[in-house]
Amino acid sequence: MYPTQRRPAYSKAPPEGDPRRTEGWALTEAARRLAEAQRSPENNAAFLDAVRRNWRLWTIFQAGVMAPDSPLPTELRANVLSLSNFIDRHTVGILADPLPEKLDILIRINREIAAGLLTAPPGTTPPAPTPSQAPPSGRINHSA
Amino acid sequence: MADIKLTATSRANLLSLNQTTDLANRTQSRLSTGLKVGSAIDDATAYFASKSLSDRSSDFATRKGEIDQGISSLKTALSATESADKILKQLKGVAISAKTADTATKADLTKQFSDLLGQLNSLLGDASYQGTNLINNDGDQKLTVRFSEVTTAELTVDARDLRAGALITAGGGASATGSEILSALLAAANSAGAQAAGFSAIAASRLITTIDSITAAVDTAVSAVRATASNLGSNITLLQTRSDFSKNYINALTEGSDKLTLADLNEEGANLVALQTRQQLALKALSFAGQSEQSVLSLFN
C-alpha cells in the first residue's frame, strides 16, 4: 500500500507489549515524517505518503476510542474523537491542496499527544530513556 | 419496602453474572495493556473486541481511502481542464492569425490547428486516475464516493466529454480527429467546399466570416470547459466538507448512557484540545487502541 522507505536508526520501533509507548512512538514518528515532508514539499509522493500514514494512524485511534466498551474516560474519548475528526477534515484539505504550512498543526497535535502518552502516570514505572533497548514496563503481562 | 428475596437458582445466576463481569473487566484491562490475543479460541471476548476494533478501523480506512481517491480523480480531471482551456486559447489565436496570413502560412496554421485539436484529445485521454476518466467520455464513467457505512450519503460525479469533437459540435462526432473537425468547421462556415485544404481553401470573400464562426465555436468550447472545471472544483470542496466520519457512530454511542459530544474544532481549538488531552493522558495509564498495537507498529515499518 505504501512505498517502503528506509527507516533511520533513531526511529527504531519499540518492542511490542506497551501500547502507550508504541502509540507515543508512532505519533512522534508520524510527526517526524510530516516535518521531513514539510522541508521538501517538492517531493509530492513522499509528502502525501507522510500525510496519509498520519491519517491512518489517527484512524486506528479513532476506531479504538469509539468502541462502546472503551476503557478510556468519556472526556478523554471525546477529546481524542474531536481531534481525529479535525485531523480527518484537515487531511482531506491537505490532499485537495497540499501546502507545506498546513502540516504545522498536525505535527503539533502529534507531539502534544505523544508527550502525554510518553509521560509515566503517577504510580507506574516510568518509560526508560532509551526506548529501543528498554524492557517493557512492569505492569505488562506477556503470558496469558 | 419489602426485602427482595432471591431463590437459590437466581442467586447462583447472579453470582455467575458477577463473575462474568469481573472476567470481562479483567479482559478489558489486559486489552488496554496490550495483551495479544491470537484467535477466538484463546479468549473469545478479547478476540471479538479486538476484531470489531480492526473492522471499524478498516471501515473508516475504506471510507477515507475513497475520499482520498475521489479527490485525486477530481484533481487529475481539474488540472486537465486547465490545460484544455490553454489549448483552446491557442486554437483561437491560430484561427485569428489565419485572417491575415499568406498562403504558405495558412497551410502551416491549418496543420497547427488540427494538431492542437489532436493534442487536446490526447491530453484528455491521459487524464484518467486509477482507470476513471471524468472528462473524455459521455457519461458511462462516473466517480462515486460514499461517506459512511451507516448512511447512504454519497457523492456521484458523472463524467463529461471534453474531447474536441464533442466540444466543437460542427460535425464528425465526439471521437473525430483534429483534421476531421477542422474540415467540418470549414464546411459549415464555407460552402465553397475543398475543406481538406484548410484555411488556404477559404475564398477570400468569405475568409473573415468563416474564421469568426470558427472562433465563436472555440469560445463555446471554452465556456463548456470552464463550466466543467467549476463543477469539478465544487465537488472537491464538497468532499472536503463531508469528511467527518465518526458523527454517525457517535450518535449511535450517545444513545446509551455514555454522553459523548464531538466538537468541531478549528486550528486553535485543536491546539487547546491537544494540550488538554496531553494532560489527561499524563494522569492515567491508558492507551487509545491497545489491541491494535500491531497495526500501529506496521504503519511505520
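The values are calculated or read from the model by the stated rules, or taken from the named source; none is laboratory data. All of these numbers come straight from a predicted model, not from anything done at the bench. No Cβ is skipped: glycine too gets one built from the backbone with ideal geometry, and neighbour counts run over all protein chains shown. Calculation scope for accessible area: heavy atoms of the full protein, side chains included, ligands and nucleic acids excluded. Shrake-Rupley method; radii C 1.70, N 1.55, O 1.52, S 1.80 Å.
Counting only residues that are closer than 18 Å to B:ALA216 by Cβ and modelled with pLDDT of 75 or more, how many does the range B:185-202 have? Steps first, answer last, please.
Let us first name the residues in the range B:185-202 that are closer than 18 Å to B:ALA216 by Cβ, namely B:185-191, B:195, B:199, B:202.
Now restrict to residues that are modelled with pLDDT of 75 or more: B:185-187, B:199, B:202.
Count: 5.
In the range B:146-175, what count of residues is obtained for those that are among the polar types (S, T, N, Q) and modelled with pLDDT of 80 or more? Reasoning before the result, please.
Taking the range B:146-175 as the starting set, the residues that turn out to be among the polar types (S, T, N, Q) are B:148, B:151-152, B:156, B:169, B:175.
Filter once more, keeping what is modelled with pLDDT of 80 or more: B:156.
Residues that pass the stated criteria total 1.
Answer yes or no: is there a residue in the range A:123-138 that is facing another protein chain (nearest Cβ under 7 Å), open to solvent by less than 10 Å² (accessible area, probe 1.4 Å) and either part of a loop (DSSP other than H, G, I, E, B) or at pLDDT 85 or above (or both). No; the residues of the range A:123-138 include none that is facing another protein chain (nearest Cβ under 7 Å), open to solvent by less than 10 Å² (accessible area, probe 1.4 Å) and either part of a loop (DSSP other than H, G, I, E, B) or at pLDDT 85 or above (or both).
As a summary of the residue check, A:VAL92 satisfies the conditions (1) hydrophobic (A, V, I, L, M, F, W, C); (2) part of a helix (DSSP H, G or I); (3) modelled with pLDDT under 90 except for the one numbered (3).
Among the residues of the range B:231-248, which ones are more than 9 Å from chain A (Cβ to nearest Cβ) and open to solvent by 10 Å² or more (accessible area, probe 1.4 Å)? Reasoning before the result, please.
Taking the range B:231-248 first, the residues more than 9 Å from chain A (Cβ to nearest Cβ) are B:231-235, B:238, B:248.
The answer is B:ASN231, B:GLY233, B:SER234, B:ASN235, B:LEU238, B:ASN248.
The residue that is modelled with the highest pLDDT, counting only those in the range B:251-293 that are hydrophobic (A, V, I, L, M, F, W, C) and part of a loop (DSSP other than H, G, I, E, B), is B:LEU265.
The residues on offer are A:ALA26, A:ALA13, and the sole one that is facing chain B (nearest Cβ under 7 Å) and open to solvent by 10 Å² or more (accessible area, probe 1.4 Å) is A:ALA13.
Scanning the range B:218-230 for residues that are open to solvent by 20 Å² or more (accessible area, probe 1.4 Å) and small (Gly, Ala, Ser) turns up B:SER223, B:ALA224, B:ALA227, B:ALA229, B:SER230. Just checking, how many residues over the range A:37-52 are part of a helix (DSSP H, G or I) and over 26 Å from B:GLU66 (Cα atoms)? Total satisfying the criteria: 1. Filter the range A:95-106 for residues that are buried (at least 16 other Cβ atoms within 10 Å of the Cβ) and either facing another protein chain (nearest Cβ under 7 Å) or not in a helix (DSSP H, G or I) (or both) and give the result. A:LEU95, A:ALA96, A:PRO98, A:ILE105 - these are the residues of the range A:95-106 that are buried (at least 16 other Cβ atoms within 10 Å of the Cβ) and either facing another protein chain (nearest Cβ under 7 Å) or not in a helix (DSSP H, G or I) (or both).
Return the residue satisfying two criteria in turn: it lies in the range B:261-278 and is polar (S, T, N, Q) and facing chain A (nearest Cβ under 7 Å), and of such residues it is farthest from the chain's Cα centre (by Cα). If we take residues in the range B:261-278 being polar (S, T, N, Q) and facing chain A (nearest Cβ under 7 Å), then B:GLN276 is farthest from the chain's Cα centre (by Cα).
Could you tell me whether A:ARG77 is surrounded by 20 or more Cβ atoms within 10 Å (Cβ to Cβ), farther than 20 Å from B:ALA270 by Cα and within 10 Å of chain B (Cβ to nearest Cβ)?
Working: surrounded by 20 or more Cβ atoms within 10 Å (Cβ to Cβ): yes; farther than 20 Å from B:ALA270 by Cα: no; within 10 Å of chain B (Cβ to nearest Cβ): yes.
Answer is no for this residue.
Quick check, is B:SER122 assigned by the TED database to the domain that holds B:GLY173, closer than 30 Å to B:GLY65 by Cα and modelled with pLDDT of 85 or more? Yes: the conditions hold for B:SER122.
Restricting attention to the range A:53-72, which residues are at the interface with chain B (Cβ under 7 Å from one of its Cβ atoms) and either in a loop (DSSP other than H, G, I, E, B) or open to solvent by 30 Å² or more (accessible area, probe 1.4 Å) (or both)?
Start the filter on the range A:53-72 by keeping residues that are at the interface with chain B (Cβ under 7 Å from one of its Cβ atoms), which leaves A:53, A:55-57, A:59-69, A:71-72.
Passing the criteria: A:ARG56, A:ALA67, A:PRO68, A:ASP69, A:PRO71, A:LEU72.
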